[in-house]
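The values are calculated or read from the model by the stated rules, or taken from the named source; none is laboratory data. Everything quoted here is computed from the prediction, not taken from an experiment. Quick reminder, even Gly has a Cβ in these numbers, built from the backbone with ideal geometry, and neighbours come from all protein chains shown. We work out accessible area using only protein heavy atoms, side chains counted, and drop any ligands, DNA or RNA first. Shrake-Rupley method; radii C 1.70, N 1.55, O 1.52, S 1.80 Å.
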Amino acid sequence: MSGLTAFQDAFTLALAGDDDALGPWVATAGDQAGLRVYRNTVAAGLAEALAATFPTVQRLVGEAWFEAAAVAFARERPPAEPSLLAYGGDFPAWLAAFGPARDLPYLPGVARLDWMWLEAHLAADAAPIGPEAFAGLAPGDLEHTAAVLHPSARLAWFDDNTPSLWRANRPPAEPPASFALDDRGEGLLIARPSGEVVVQPLDAGAHAFIAACAAGRPLAVAAVQALAAEPSAELSAIVQTCLDAGLFTALHPTETSS
């Protein structure tokens, strides 16, 4: 390893918080002070990037709390790639183990939904199919035909109403004066079938149907799973919801319905 490469690697570690990494090069108090300036600038930039990715988390905890958490995260988990667009994928899991967030059990779930929104926003484009694609299907075809989800589709299920909390506080929504968490399970679909990310609340039946489609299951199996999750589910309404959301990009045959 060349001297320049060794210095660059050590400097990267030092910016991430390793006080000893630059030992051979940083010897004076003035050098250490200069390093702290660089380190604080990098940490502040990463915190700003995280705030842009997790705006709902920031709104719920406040700017000061979020900045402190983001700086702590950035020092523990510096970026692995030059681009910050995909930085913070492990922030939701990190929050779950972050001591000051212990009394905010909903926070990792909210962060997860913020991250899903970003993934949908950055996903590849694809043209959705319309109802005419389903018009030629006979009842027997459903047992060996699967619906392909849009590449931007992100699906989540929670055993409480965290999705409603997220939707109520996600900017630019005007946050409510109060919000009560309860144990009503909720699902959420986030996708970008055209130019904008759309968010669709899901009940248990719709979530089970879409999850089965995401797993490549035939439409008949998806219908069975929807009814198992919610016996009163209206399958035609679920399919219409999917079509309205631009969720499907193709139909393709499957080898088995098992």
Any chance you could run the full-extension gain for Leu104 through Ala80? It's 0.36 nm times the residue separation minus the Cα-Cα distance, nm to one decimal. 5.8 nm
Among Ala120, Gly136, Leu60, flag the residue with its Cα farthest along the positive direction of the charge dipole of segment 41-143, charges on Cβ as +1 for Lys/Arg and -1 for Asp/Glu. Leu60
Compute the relative contact order of segment 58-209 as a whole-number percentage, counting only Cα pairs closer than 8 Å that sit 6 or more residues apart in sequence. 21
Scalar couplings 3J(HN,Hα) for segment 56-61 by Karplus 6.51 cos²θ - 1.76 cosθ + 1.60 (θ = phi - 60°), nearest whole Hz, x for Gly and Pro, are 6, 4, 4, 5, 6, 9
Could you please state, rounded to a whole Å, how far the C-alpha centre of segment 73-124 is from the C-alpha centre of segment 219-246? 31
Summed side-chain charge close to Asp183 - residues other than Asp183 whose Cβ falls under 12 Å, Lys, Arg +1, Asp, Glu -1: -3
Per-residue HN-Hα couplings for segment 129-142 [Karplus 6.51, -1.76, 1.60; θ = phi - 60°; Hz; x = Gly/Pro]: 8, x, x, 5, 5, 8, 4, x, 7, 7, x, x, 5, 5
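Restricting to DSSP loop positions (anything but H, G, I, E, B) with no more than 16 other Cβ atoms inside 10 Å of their own Cβ, which trypsin sites (Lys or Arg not before Pro) remain in segment 53-110?
Arg102
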Relative contact order %, segment 153-231, counting alpha carbon pairs below 8 Å whose residues are six or more apart: 26
Show the residues, 5+ positions off or on another chain, whose built amide H is closer than 5 Å to the amide H of Asn161. Asp182, Arg184
Based on the Cβ-Cβ distance from Glu63 to Glu234, what FRET efficiency comes out when R0 is 51 Å, to the nearest 0.05? 0.70
Using a 1.4 angstrom probe on heavy atoms only, work out the carbon and sulfur share of the accessible area of segment 167-229 in %. 54
Per-residue HN-Hα couplings for segment 229-244 [Karplus 6.51, -1.76, 1.60; θ = phi - 60°; Hz; x = Gly/Pro]: 6, 8, x, 8, 4, 9, 5, 5, 5, 5, 4, 5, 4, 5, 5, 4
Ala226 neighbourhood, Cβ < 10 Å, K/R = +1, D/E = -1, net charge -3
